[in-house]
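Computed from the coordinates by the stated procedures, all read-outs in this text should not be read as laboratory data. The structure displayed is predicted, hence computed values, not measured ones. Ideal geometry is used to build each Cβ from the backbone, glycine not excepted, and the neighbour counts take in all protein chains shown.
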Amino acid sequence: MRIEILRRDRGSDVCYLQVFEYTPEDERETIASMLDHLNGQEELKDIEGNSARKITYKKSCLQKKCGACAMLANGRPALACASKLCDLEEPIRLEPFKKFPVVEDLCVDRSIMKENLRQMKAWFEDEALVSEKRNAVSYESSRCLQCGCCLEVCPNFMIGSSFFGMAGAMPFSRILNEMNKEELKEARKTYNTRVFEGCGKSLSCRDVCPAKIKIGDMLVNSNAIAVWKRYIKD
Amino acid sequence: MVNITGSGLAGLSAAITLARKGIHSNIISVQEAQRAQSIMAEGGINAALNTMGENDDVFKHYEDTLKGGAYLADPNAVEGLAKQAPQIVNELLKLGVPFEMEGKKIIQRNFGGQKNKRTAYVKSSTGKMLMSALIDEARKYEVRGLIKVYDHHKAAEVVIEDGTCKGLIMKDQYTNQFYKLEGPVILASGGLGGFFQGYTTGSSDNTGELSADCFMKGVKMANLEMIQYHPTTIDIIGKRMLVSEAARGEGGRFMTYKDGKEYYFMEEMYPKEKNLVTRDVASRAVTKILNDKECDGNVYLDMRHLDKKVFERKLSDMREEVLDYQGIDIAKQPFKISPGIHYFMGGFYVNEKHETNIENLYAAGECACQYHGANRLGGNSLLGAIYGGKKAAENFTEDLSGKCIELTDQEDADVSPLFSRQLTQILLSGLGIIRNEETIKEAIVKLDELDHDLNPKEHTKLILGKAMLRSALERKESRGAHYREDCPETLEEFHKTTVAAYDKDIDIRFEDIPERRSA
Ligand SMILES: Cc1cc2nc3c(=O)[nH]c(=O)nc-3n(C[C@H](O)[C@H](O)[C@H](O)COP(=O)(O)OP(=O)(O)OC[C@H]3O[C@@H](n4cnc5c(N)ncnc54)[C@H](O)[C@@H]3O)c2cc1C
Ligand code: SF4
Ligand code: SF4
Ligand code: FES
């Protein structure tokens, strides 16, 4: 298999493409297992036999639960540990996300997502309201991996823009869903400026979300609470 | 400043507890909290809420925990844990964790080794749900300046001078710059998964390197031989994937084929507990069947008979996962499982207050040895991590100052992949599900042979690995997760804590377990 990786050295502005030849063990192999196999070799060599630096990428769970390993695979945002090599067209091209500053190789700095949630005040001052009725939405929105795939494809998101995208909206859906009336006043405003007003509702984000979060449903619920001012009665 | 290494449940719980008292803390974590192993937990969290009309109570939780741990846990610590558990779950509810409910009542499920339905859960994503809620809560204090989070920073080593912890040295993994953070340290950096690379169900971030560094600097470790193999894992490339105990809790049955016929061996071997025997018992039984020539060499989990609603309501994530990674619909077909390493009962030797033997150094969560004795019950470690983080934080009553100092000529070596693989293979050979003196000794010899041309990080790791083997060697009995086929009995003389210490050489001793204070 021909694997092309867009690389960048730490602290450098220059990127370069490096090509590797790789034979998968079997059809279960993912991008992550391939990168680990390449990096696990005594000496890593590119397709021309030149020695190469180990490939930097982020990982943790290797089970598509933590969002660490998000990158572009053949131009599409994906989790490396959830992307089977056999499902990808050759040559497989791996690139870091383009909307975030690159740290090294496939590793980018996604701290903007945290910063935005801090700005949104995504927390409760008072007790959260939990009930059987509210739980489905809370569960769904709490599943967000903070992987950033949605931001990568969103036409309206940029670092520094007032629109925070779905990586902000999903965790915030739980907050809206469980917040008491008093606190909601400010949270509504936040949702309107940070999500509702900036979103073009094309839902490209939904198609790439690796957790398959029901983004549409979450937005409907949040809009009802924040924009149409409906209260959930337990 | 209190410095906390790790942003899993233990780390977050410690930081939030401190922040609520107005005490500042730093969280140093190799990745964001969303990546911590705690998000992977599936099955649930234990607390005697008694919502299922079974007359459950705190004492039964206490008893089950001690018994499950084959009486190696500190009874006073376990009592504290069981007593606080209902309050902890109620606090989680206030933070908005969407526990499975009927109206406003939390529903609880069965888990191995428990008399009653005592496990609160959210589908098969309990850890993720708990973490999402704690992350939101921690954010509040972050914005207020009470918690400072150093993501993408690795705690490279602790600074210990004259038996007191003076802080830690961390490395910014984005810039490779080192810093020293002054002040006391709460270790919450997770279990020792990195010693068994590729064979555990957990996160690759839990390298155990910080634990190894601490051990070499004189921090004592306990019960290192107690490694929990989970009976139901699936081998996916590069790691083991857990099939949560909820599968059995909801009625899943172990099965193999004997003479071409379905054989539900666990129900025959253990007619009382059947498929809900504790993990150690289940793992040994599965290993036996895997090696039994009369069976087909595989063990399966059979869930075909379960109600459709159970899959929808409680096991939807699990069903999808197995379909993804094994191509099997668990509602329609039995699927292959085998035991994999899942939890480390052993770790830093701490007392009830989560103090280590070094002043100003505390440990909580899976990196510490507390509550679980020789075998952890499912659902008790999420609880133990949250409670442990709290207890560790309770040692602080006033806000402390502490600087962050940039370091210039600090160095840090990487553990090579080859060394990691070798270490893993050796440790697996000595610390398998079924052990004996000979294989443990062989493994120690192999480790000694490996001990040349290593960089300091690798050497440190090797020493802690050897301490695990030595602990398993010295415990000449079988208890909980530690099964010695050459000494299959449980012996009163080993009703003690295995304590490993390092001072130029490894020293293993058996220390008394504290007496229970109240009755
Ligand atoms: C698949 C799976 C399912 C589970 N299911 C359950 C369950 O249903 N119920 C239950 O009770 N338990 C369960 N457990 C166990 C439970 O999840 C863990 O024991 C618990 O979450 C541990 O929490 P922790 O805070 O100690 O550590 P972790 O959550 O492992 O966090 C460790 C933290 O330390 C960081 N770290 C590591 N090294 C360093 C370093 N050198 N410097 C800085 N940071 C560092 C990591 O990045 C991470 O943030 C499960 C475990 C797994 C793997
Ligand atoms: S719907 Fe469109 S604009 Fe809105 S977050 Fe998704 S991709 Fe962005
Ligand atoms: S909404 Fe989906 S794509 Fe966006 S950060 Fe969350 S999990 Fe990732
Ligand atoms: S490593 Fe966790 S999602 Fe890929």
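Structural remarks
- Note on B:Lys83 and B:Thr490: with the Förster distance fixed at 25 Å, the Cβ-Cβ geometry gives a FRET efficiency of about 0.35.
- Taking a point 7 Å out from the Cα of B:Glu312 in the direction of its Cβ, the residues of segment A:183-219 whose backbone N falls within less than 19 Å of it are A:214.
- The helix-only estimate of mean residue ellipticity at 222 nm for chain A, built from DSSP H runs of length n ≥ 4 each weighted as -39500 (n - 2.57), is -10000 deg cm²/dmol after division by the residue total.
- Across peptide B:25-32, the mean count of Cβ atoms from other chains lying within 10 Å of each residue's own Cβ comes to 2.
- Farthest positive-ward along chain A dipole, Cα basis, beta-carbon charges - from A:Leu203, A:Leu219, A:Gln41: A:Leu219
- Of all lysines in the structure, those lying under 19 Å Cα to Cα from B:Lys115, and not within fewer than 8 positions of it along the same chain, are B:Lys60, B:Lys67, B:Lys83, B:Lys272, B:Lys274.
- In order through segment A:136-142: 3J(HN,Hα) via Karplus (6.51 cos²θ - 1.76 cosθ + 1.60), integer Hz, x for Gly, Pro: 4, 5, 4, 4, 4, 6, 5
- R0 of 51 Å, Cβ-Cβ distance B:Glu411-B:Glu102: FRET efficiency to nearest 0.05: 0.35
- Under 5 Å, built H, 5+ apart or other chain: amide partners of B:Lys258: B:Tyr263
- CD proxy at 222 nm, helix term only [per DSSP H run n ≥ 4: -39500 (n - 2.57); per residue of chain B; nearest 500]: -10000 deg cm²/dmol
- Sequence ranges B:69-75, A:164-170, ranked by mean other-Cβ count within 10 angstrom, highest first: A:164-170, B:69-75
- In loop segments of segment B:435-518 as defined by DSSP, the GluC sites (Glu not before Pro) with at most 13 further C-beta atoms inside 10 Å of their C-beta are B:Glu485, B:Glu489, B:Glu515.
- Paramagnetic reach from B:Arg20 (point 7 Å along Cα→Cβ, amide N under 16 Å) across segment B:58-95: B:81, B:83-95
- For B:Gly218, distant residues with modelled amide H under 5 Å away: B:Tyr502
- Sequence-distant contacts, meaning Cα pairs under 8 Å at least 6 residues apart, place the relative contact order of segment B:37-184 at 24 percent.
- By the Cβ-Cβ criterion of under 4.7 Å, the unpaired cysteines of chain A are A:Cys15, A:Cys69, A:Cys81, A:Cys86, A:Cys107, A:Cys144, A:Cys147, A:Cys149, A:Cys154, A:Cys199, A:Cys209.
- Dipole check for the protein assembly as shown: with +1 at the C-beta of Lys and Arg, -1 at the C-beta of Asp and Glu, and the Cα centre as origin, the magnitude is about 2920 Debye.
- Extension gain, B:Cys404 to B:Tyr270, is 42.6 nm, computed as 0.36 nm per intervening residue step minus the present C-alpha separation.
- Nearest-20 debye value, segment B:59-160 charge dipole, Cβ charges on Lys, Arg, Asp, Glu: 380 debye
- Here the protein assembly as shown is described by how far its Cα atoms reach on the three principal axes: 70, 66, 64 Å, from widest to narrowest.
- Contour excess over end-to-end distance, with Cα ends at A:Ser161 and A:Cys15 and 0.36 nm allotted per residue: 50.0 nm
- The mean sequence separation of alpha-carbon pairs under 8 Å and at least six residues apart, normalised by the residue count of segment A:1-86, gives a relative contact order of 26 percent.
- Pairs of Cα atoms nearer than 8 Å and 6+ residues apart set the relative contact order; for chain B it is 22 percent.
- Full-stretch length increase - B:Glu394, B:Asp296 - with 0.36 nm per residue and alpha-carbon distance subtracted: 29.9 nm
- The value for chain A of Rg(Cα) / (2.2 N^0.38 Å) is 1.15.
- Phi-based couplings in Hz for segment B:409-422 (Karplus 6.51, -1.76, 1.60; Gly and Pro marked x): 9, 8, 10, 8, 9, 9, 7, 6, x, 5, 4, 4, 5, 5
- Lysine pair count for segment A:2-108 with Cα-Cα distance under 18 Å and sequence separation of 8 or more or different chains is 7.
- Phi-derived couplings, Karplus 6.51 cos²θ - 1.76 cosθ + 1.60 at θ = phi - 60°, listed residue by residue for segment B:303-313: 10, 4, 7, 6, 5, 4, 4, 4, 5, 5, 7 Hz, with x used for Gly and Pro.
- The amide H of A:Arg7, built 1.01 Å from its N in the peptide plane, has A:Tyr16, A:Leu17, A:Gln18 as neighbours under 5 Å, considering only residues 5 or more places off or on other chains.
- Using alpha-carbon coordinates, inclination of helix A:215-226 to the longest axis of chain A, degrees: 30 degrees
- Student exercise, chain A dipole from Lys, Arg, Asp, Glu Cβ charges, in Debye to nearest 20: 1160 debye
- Extending 7 Å from Cα along the Cβ direction at B:Asp324 and again at A:Lys185 yields two label points whose distance is 4.3 nm.
- Look at the dipole of segment B:57-188 built from charges on Cβ: of B:Phe59, B:Asn90, B:Thr175, the Cα furthest out on the positive end belongs to B:Asn90.
- Normalised by 2.2 N^0.38 Å, where N is the number of residues, the alpha-carbon radius of gyration of segment B:78-167 equals 1.49.
- Centre separation in Å (Cα based) which lies between segment B:20-91 and segment B:282-302: 32 Å
- Cα centroid separation - segment B:339-371 against segment B:95-124, whole Å: 26 Å
- Between segment A:31-84 and segment B:483-519, the C-alpha centres lie 43 angstrom from each other.
- When both bridge partners sit in chain B, DSSP labels roughly 75% of those beta bridges antiparallel.
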